Every structure is written in C-alpha cells, then in structure tokens.
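I have placed the structure first, in the form of structure tokens, so that the comments after it can refer back to it.
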Amino acid sequence: MFVVARAVGGQIIGAWDAEKLVGYALAIPGLRDGKPYLHSHMLAVLPEYRNRGIGINLKFAQREDALTRGIDCMEWTFDPMQVKNAYLNIEKLGAVVRRYTPDFYGPSTSPLHGSLPTDRLHAEWWLKHRCR
C-alpha cells in the first residue's frame, strides 16, 4: 500500500521519536462526483505512544497536505465500537458520518476483528470547516 500510495499521489506521513517511527497516516486519492478527495486508509500509533496527541497531529498534517493540493475533503471508515476513534473523528476533528456499512471488509481471521463482523461508519472530514 505504501508503494501504491506514493505512486498514485497518496499521502504517507510519519511521526518520529528521534530515529524511531512511532506512528503514521496513509491515504490514497479518490474521485467522487468529479471532485478529488483523499481516503485515509490507516492511522496507527505504537501502543506506548498513544494518548499523547500523535494521532490528531497526524490527521492535521494530512489536512495541511491535502489543502495545499487543493483537496478539501478526506474520508475514511472506522469501527463504531471503538469509542476513542469515534471521539477523535467526530468530536475532535468534526468529521460527519452519513453512511454505515455492515460487515464492510467481510469475514476476517484477523486477531483485531476476531469473529466479529467488520461494521464501519464512513467519516467525511471537510477540511475547510469546523476543525478544532
């Protein structure tokens, strides 16, 4: 995904502690109704670095990069059962949720999902509006 994102104009933004990569954000470009947007595929922070503002700073770095490219919308999906993600996405960033997809990724053998369905909410982040 990193190679593809780089090749097609996506974003790869890292957070570093000296020489150590402690978090990253990965997004790929999309086109909807003739307008470009970025789909943020993943935001990840090492467990020992969580709750230090790294995730929100990565999202703001994505925002700044997107705006310099003339892109004013980012979208991504998130698990509605993950309260911290919902709080970051909706309360902190001001993302809007208009769509819900049951079992978005289908059956999964991932330890992250277990045997649960991969239901997802779709966040829309309008970058020129309501950033906290």
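Details
- Screening region 5-16 for residues that are assigned to a strand (DSSP E or B) and surrounded by 13 or more Cβ atoms within 10 Å (Cβ to Cβ) and picking the one that is farthest from the chain's Cα centre (by Cα) gives 15.
- Restricting attention to region 82-126, the residues that are of a type in the set (S, T, N, Q) and not in a loop (DSSP other than H, G, I, E, B) add up to 3.
- Residues in region 58-76 that are of a type outside the set (A, V, I, L, M, F, W, C) and either over 12 Å from the mean Cα position of the chain (by Cα) or outside any helix (DSSP H, G or I) (or both): 64, 65, 68, 69, 70, 72, 75.
- Only one of the numbered conditions (1) touching a residue at least 12 places away in the same chain (Cβ under 8 Å); (2) outside any loop (DSSP other than H, G, I, E, B); (3) closer than 23 Å to residue 31 by Cβ is violated by residue 129, and that is (2).
- Which numbered condition residue 79 fails, given (1) under 22 Å from residue 1 (Cα atoms); (2) over 16 Å from the mean Cα position of the chain (by Cα); (3) at pLDDT below 95: (2)
The values are calculated or read from the model by the stated rules, or taken from the named source; none is laboratory data. Please read all numbers here as calculations on a predicted model, not as lab measurements. Glycine also receives a Cβ, built like all others from the backbone with ideal geometry; neighbour counts cover every protein chain displayed.
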